[in-house]
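Below you'll find the structure, written out as structure tokens, and then a few comments.
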Amino acid sequence: MVLYGIFLEGRDILQLSLKEIQEIRGNRISMIFQEPMTALNPVFTIGEQIMETIQLHQQVPPKEAKIRCITLLTLVGIPAPHQRMLNIHIRFTGYAATGNDCYCIGLWALY
């Protein structure tokens, strides 16, 4: 008798192999961190971090990942996404508190 488990669509994730878990992670389930200062790496631009995730989980070439990144930034209402994807996350958090640009959560959810 199993007394515990983590179930996704009827499958116990705890019983899966590492390879099966990696296929689910990021594609079917994800952790969405709400604090960009701790969730994002200040060494890399927002675009680099979004494109890395897209390439890892959707196996697309860099050019396609860039197009998808710009599309995501546009969908969540970030002005000038071509330029903003070159910013580090600190440039985003400065005016996120205004309520107009609280888009980090929406961006990752759209991915």
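Mean sequence separation of contacting Cα pairs (under 8 Å, at least six apart), scaled by the length of the range 38-83, corresponds to a relative contact order of 27 percent. Other residues within the sphere of radius under 12 Å centred on the Cβ of residue 60, judged by their own Cβ, net out at +1 (K and R +1, D and E -1). The chymotrypsin sites (Phe, Trp or Tyr not before Pro) of the range 3-84 that DSSP puts in a loop, and whose beta carbon has at most 16 other beta carbons within 10 Å, are 4, 33, 44.
Read the figures in this text as sums done on the coordinates, not as results from a lab. All figures in this text were calculated on a predicted structure; none of them were measured in a lab. Positions of Cβ are backbone-derived with ideal geometry, glycine not excepted, and every protein chain shown enters the neighbour counts.
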